[in-house]
2 protein chains.
Amino acid sequence: MTTKAVEFAQENEGRFVEELKALLRIPSVSTAPEHAGDVRKAAEFVAAELTRIGMENVRLIETATAERPGGHPLVYADWLKLPGAPTVLCYGHYDVQPAEPLDEWKSPPFEPTERDGNIYARGAVDDKGQMWMHVKALESLFAAGAGKLPVNVRVTVEGEEEVGGEGIAAFVREHGEQLKADVALVSDTEMFAPDLPTLCVGLRGMIYTEIEARGARTDLHSGMYGGAAPNPFVALSQVIAQLKDADGKILIPGFYDKVAVPTDAELKAWRALPFDEEHYRETEVGSVSLTGEPGYSVLERTWARPTVDVHGMPGGFIGAGAKTVIPAKAVAKVSMRLVPDMTPAESFAQYKAYVESLCPKGIVLEVRLIHSGDPIVVSTDNIYVKAATDAMHAVFGKETVFVRGGGSIPIVGDFVRELKIPTVLMGFGLPDDNLHAPNEKFHLANFYRGIESIIGFLIGVGA
Amino acid sequence: MTTKAVEFAQENEGRFVEELKALLRIPSVSTAPEHAGDVRKAAEFVAAELTRIGMENVRLIETATAERPGGHPLVYADWLKLPGAPTVLCYGHYDVQPAEPLDEWKSPPFEPTERDGNIYARGAVDDKGQMWMHVKALESLFAAGAGKLPVNVRVTVEGEEEVGGEGIAAFVREHGEQLKADVALVSDTEMFAPDLPTLCVGLRGMIYTEIEARGARTDLHSGMYGGAAPNPFVALSQVIAQLKDADGKILIPGFYDKVAVPTDAELKAWRALPFDEEHYRETEVGSVSLTGEPGYSVLERTWARPTVDVHGMPGGFIGAGAKTVIPAKAVAKVSMRLVPDMTPAESFAQYKAYVESLCPKGIVLEVRLIHSGDPIVVSTDNIYVKAATDAMHAVFGKETVFVRGGGSIPIVGDFVRELKIPTVLMGFGLPDDNLHAPNEKFHLANFYRGIESIIGFLIGVGA
């Protein structure tokens, strides 16, 4: 059956890409209220295709509530006609990050463009393209199986992954029985290197916060009031400068207390990966030097150590030229990546207390939690991981490497906690795919190999 | 003649205000390239009125050059028919600060609105309303003098005061002989308190700069790269936090070396002014406490001590919600107020060298000077100051107080340096007029008293 489904997929590659382009044209930016209609349009696009290929019980589950009026719908579908066979819960997301800064895109973010074997668009790899691999693998299996799948499948595709995923998290918490499955399949990660089949077995968690600093009642002229009025940007800078020392060590009291050290076997495996820090600095980061906590390798720092980053500091005057304003308030968007066994609740409490203790003179600080996600480590010793590595071996002809991811996929933690199931993180992005940045892309060869690997995985789980 | 001119002014107050409103409706924001047409429209408005009232040689002097293609025109007019009599150079500006944040205005910034005896609009007091006092005083004097003024007058009204005034500065440097005069009159300052006639005899200078921090080559995902990629906002925060200590003392080496201490007489006079720091904190600033250099009063800190302020930090993600980006670059808009005998060139060099010495790991810093202005102290022992205090005494029935201003009016330094003339800074703003902030206003009673005081001053200088 694998052969037949893979043949179907290969014969239909061109159409699959055209369908993906249509989905990529929908600017489903979940954080932007003005794109709420586009986000729904993307949900309806995915639901319509799930219906067309033969999935059942396809529906949009509304997640908006009185507290969260802007919640985006969750797409659900299932096919559960093999009693006694395992059930795979396929997860993906149809929402995307904002595309700004627009002027750095070589082709417009919502006009998908093929160049050099890649498809360029916001969401190409994160996660519309990878989610589409699931849909197309299922279509190929339906075609090969004359309308039947080799395994029971539920599909959930959310529209809030880029804004914290509260809608699906609440659904998993409150209606977990409707998602009963044996294993989850998530394709929202990357391969360690081109042609190197990779399973991600650990993810960092995160807390995303805002610190608002308020000084004067209203904006003031810096000539008249400079020297007497508190400056919120100076205050935020003073706070941020005390979150880490100059070397990159986090100074929040207690922040490292729960950090679990990777096993010796894991550290040894990481050292064996094809990774060169200088090459990484030059080709991926492009900065004059790398930064971060002293005493740890880049892979340890990005996979197994917590971090603090600042994403933007809204407020004041940001136009061209000069405006001599002391703004009444300013905000810093600050996030922290967490690793096992840290918890968002405890880490946020430590951070908030510390920031408040640093409050500069004349300033009132407010520390807000925007969203959070648990760090997780996926167990490697189970049959589903075996099915995944076998499937990828058949496609790539190579052994799979086990890595961790520095990013956060909070839903994986929810699946562990609420559904008590492991997640197979089988992703086909590449390190230079520009996630969350201008010129996001997806390598089309990986799109095709991803579909074939998922076909193999679903057949393997059902076997 | 004073009586006749003042009577004319009083009879025409209503029309004068309506004319001012028409000028305020033109959004002549000089820093915004998209408003270049409006800036020119405001220049033409002023020129047309100067022609109508009887001024001669009215023209727009273009200041745009190959290096400064966005330069805004300088309005010039004169009336020089009294050989042997002194010449007064009236200076004002028709450009305004940006109006943002728009949602904090009670009435739209470019729809002038009267409330409680005030006129609210961007530019109401800074400086369209005050500049219009000059024009209306001249009109009243022409009317009272049957087409003749009591003194020779040149008028210059620039359109770049809010962006550094480079156009008029260059004109003063290169064509100073065309502005030959005995004294300059500038109304761009404020009264120390309502009903307290005030002359400003000192102004701080400034350097307005940008620090650009560049880290990675492109925006990166903070999950994947957090812990290895340099963060420009963290870097800028580290730099800014080292510009001043926690108490507000500036840490730039050598920055205080040239600071002149006010005379004992000046300090004594300031202590006698009706000023209460707690009242100022509560009513003007509205912060939980005041800040600034320890050991100096608020008036000393805002008039006679240098400062550092941050006005905005463009870059990264500033929208609502969360975006987990490590931006490739970020900018801090940082300005410093200077006092006699500091010089912009030396202060900028000290600042630039210090900032560069603080450059955090992984970051490339670029320090740019956007514009600058000299600090000045105006001599009080001359006949023009006497003419001004006499004129204000006649209108207000009170003795004039001598203060300094914390802001910068670079042109005053240019007049001293290039034209070798003193400037009378006779301003009629109020401390709560919201200069450079939302809900800028001008108290109409002060608009009328300003016109009458200027009538008296011009007659006094000509007598």
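Derivation of every value follows stated rules applied to the coordinates shown; laboratory data play no part. Quick caveat: nothing in here was measured; it's all calculated off a predicted structure. Quick reminder, even Gly has a Cβ in these numbers, built from the backbone with ideal geometry, and neighbours come from all protein chains shown.
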- Item | Directionally averaged projected area (convex hull, Cα atoms, the range B:173-283), nm² | 14.8 nm²
- Message: For B:Glu34, place a label point 7 Å from Cα along the Cα-to-Cβ direction in every copy; what are the distances to the other copies, in nm, shortest first?
- Response: 1.0
- The long-range amide H neighbours of A:Val401, using H built 1.01 Å from N in the peptide plane and a cut-off of under 5 Å, are A:Thr198, A:Leu199
- Rounded to 5, the percent of DSSP beta bridges in the protein assembly as shown classed as antiparallel: 70 percent
- Helix A:344-357 sits at what angle to the longest principal axis of chain A, using alpha carbons and giving 0 to 90 degrees rounded to 10? 10 degrees
- Task: Arrange the following residues from fewest to most other Cβ atoms within 10 Å of their Cβ: A:Asp182, A:Asp95.
- Result: A:Asp182, A:Asp95
- For B:Lys249, counting only aspartates and glutamates whose alpha-carbon sits under 16 Å away and dropping same-chain residues fewer than eight positions off, the answer is B:Asp257, B:Glu293, B:Glu300, B:Asp309
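Would you please classify the overall shape of the range A:266-306 from the alpha carbon gyration tensor, given that a ≥ b ≥ c denote the square roots of the eigenvalues, rounded means a/c under 1.5, and beyond that prolate means a/b larger than b/c while oblate covers the rest? Let's see the in-between values first.
On the way: a/c = 2.48, a/b = 1.31, b/c = 1.89.
Taking the square roots of the gyration eigenvalues as a ≥ b ≥ c, the range A:266-306 is oblate.
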- Message: Among A:Leu273, B:Asn152, A:Pro150, which residue has its Cα furthest toward the positive end of the charge dipole of the protein assembly as shown, with +1 on Lys/Arg Cβ and -1 on Asp/Glu Cβ?
- Response: A:Leu273
- Computed ³J(HN,Hα) along the range B:331-336: with the Karplus parameters 6.51/-1.76/1.60, θ = phi - 60°, integer Hz and x for glycine or proline, the list is 10, 10, 8, 10, 10, 10
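Which of the trypsin sites (Lys or Arg not before Pro) across the range B:384-463 are loop residues per DSSP, with 16 or fewer other Cβ within 10 Å?
For trypsin sites (Lys or Arg not before Pro) across the range B:384-463 that sit outside H, G, I, E and B with at most 16 neighbouring Cβ atoms in 10 Å, the list reads B:Lys398, B:Lys420.
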- The computed P(r) of the range A:1-80 puts the percent of Cα pairs beyond 20 Å at 47 percent
- Item | Convex hull volume per residue for the range A:233-311, taking Cα atoms only, in Å³ | 114 Å³
- Take every residue in peptide B:301-307, count the Cβ atoms of other chains within 10 Å of its Cβ, and give the average of those counts. 4
- Item | Cα-Cα P(r), the range B:64-133, percent of pairs per 5 Å interval | 3, 13, 15, 16, 14, 13, 11, 8, 4, 2, 0
- Query: Which ³J(HN,Hα) values in Hz, rounded to whole numbers, follow from the phi angles of the range A:210-216 under the Karplus curve 6.51 cos²θ - 1.76 cosθ + 1.60, where θ = phi - 60° and Gly and Pro get x?
  - Reply: 10, 10, 9, 10, 10, x, 5
- Task: Write down the radius of gyration of the range B:147-193 and its Dmax, each obtained from C-alpha positions, in Å.
- Result: 13.4, 39
- Task: Could you tell me whether the range B:301-423 comes out rounded, prolate or oblate from its Cα gyration tensor? Rule is a ≥ b ≥ c as square roots of the eigenvalues, rounded for a/c under 1.5, then prolate if a/b exceeds b/c, otherwise oblate.
- Result: prolate
- Using +1 at the Cβ of each Lys and Arg and -1 at the Cβ of each Asp and Glu in chain A, identify which of A:Leu444, A:Val201, A:Ala228 lies farthest towards the dipole's positive end. A:Ala228
- Message: Largest first and in whole Å, what are the equivalent-ellipsoid semi-axes of the protein assembly as shown based on the Cα gyration tensor, each being the root of 5 times an eigenvalue?
- Response: 66, 28, 22
- Item | Amide proton proximity set for A:Leu89, modelled H, under 5 Å, gap of 5+ | A:Arg154, A:Asp182, A:Val183, A:Ala184, A:Leu185
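Among the listed pairs B:Lys21/B:Lys148; A:Lys136/A:Lys441; A:Lys244/A:Lys268; B:Lys81/B:Lys136; A:Lys106/B:Lys244, give every one whose C-alpha distance is greater than 30 Å.
As for pairs spanning more than 30 Å Cα to Cα, those are A:Lys106/B:Lys244.
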- Item | Amide hydrogen neighbours beyond the local backbone of A:Asp95, cut-off 5 Å, H modeled | A:Glu160, A:Glu161
- Query: When you take every Cα atom in the range B:82-202, what is the radius of gyration, and what is Dmax, the widest Cα pair distance, in Å?
  - Reply: 16.8, 54
- Query: What is the pair-distance distribution P(r) of the range B:366-423, computed from all Cα-Cα distances in 5 Å bins starting at 0, with each bin given as a whole percent?
  - Reply: 4, 15, 19, 20, 17, 11, 6, 3, 2, 2, 1
- Item | Crossing angle, helix B:232-241 versus chain B [Cα axis fit, 0-90 degrees, rounded to tens] | 60 degrees
- Query: From the phi of every residue in the range B:119-130, what ³J(HN,Hα) in whole Hz does the Karplus formula 6.51 cos²θ - 1.76 cosθ + 1.60 yield, where θ is phi - 60° and glycine or proline is x?
  - Reply: 10, 9, 4, 5, x, 3, 10, 10, 9, 4, x, 6
- Note on the structure: Close lysine pairs (the range A:285-422; alpha-carbon distance under 26 Å; 8 or more apart or on separate chains) counted at 9
- Which distances, shortest first and in nm, link A:Gln10 to the matching position in the other copies, using label points set 7 Å out along Cα to C-beta? 10.0
- Message: Between helix A:166-175 and chain A, what is the angle of the helix's C-alpha long axis to the longest principal axis, kept within 0 to 90° and rounded to the nearest 10?
- Response: 50 degrees
- Query: Of A:Thr263, A:Pro314, B:Ala36, which is farthest on the positive side of the dipole of the protein assembly as shown, counting Cα position, with +1 on Lys and Arg Cβ, -1 on Asp and Glu Cβ, and the Cα centre as origin?
  - Reply: A:Thr263
- Query: Scanning chain B for GluC sites (Glu not before Pro) in DSSP loops with at most 15 other Cβ atoms within 10 Å, what's the longest stretch left with none?
  - Reply: B:68-398
- Message: What Kirkwood Rh does the range B:29-68 have if only Cα atoms enter the pairwise 1/r average? Answer in Å.
- Response: 11.5 Å
- Message: Within a 10 angstrom radius of the beta carbon, how do B:His311, B:His221 rank from fewest other beta carbons to most?
- Response: B:His221, B:His311
- Message: Can you tell me the convex hull volume per residue for chain A, based on C-alpha atoms, in Å³ to the nearest whole number?
- Response: 152 Å³
- Item | Peptide B:289-295 - average C-beta neighbours from other chains (10 Å radius) | 5
- Note on the structure: Taking a ≥ b ≥ c as the square roots of the eigenvalues of the Cα gyration tensor, with a/c under 1.5 meaning rounded and otherwise prolate when a/b exceeds b/c and oblate if not, the range B:267-343 is oblate
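Using only atoms on other chains, find how many Cβ atoms lie within 10 Å of each Cβ of peptide A:30-36 and report the average.
2
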- Considering only DSSP beta bridges where both residues belong to chain A, give the percentage that are antiparallel (nearest 5). 70 percent
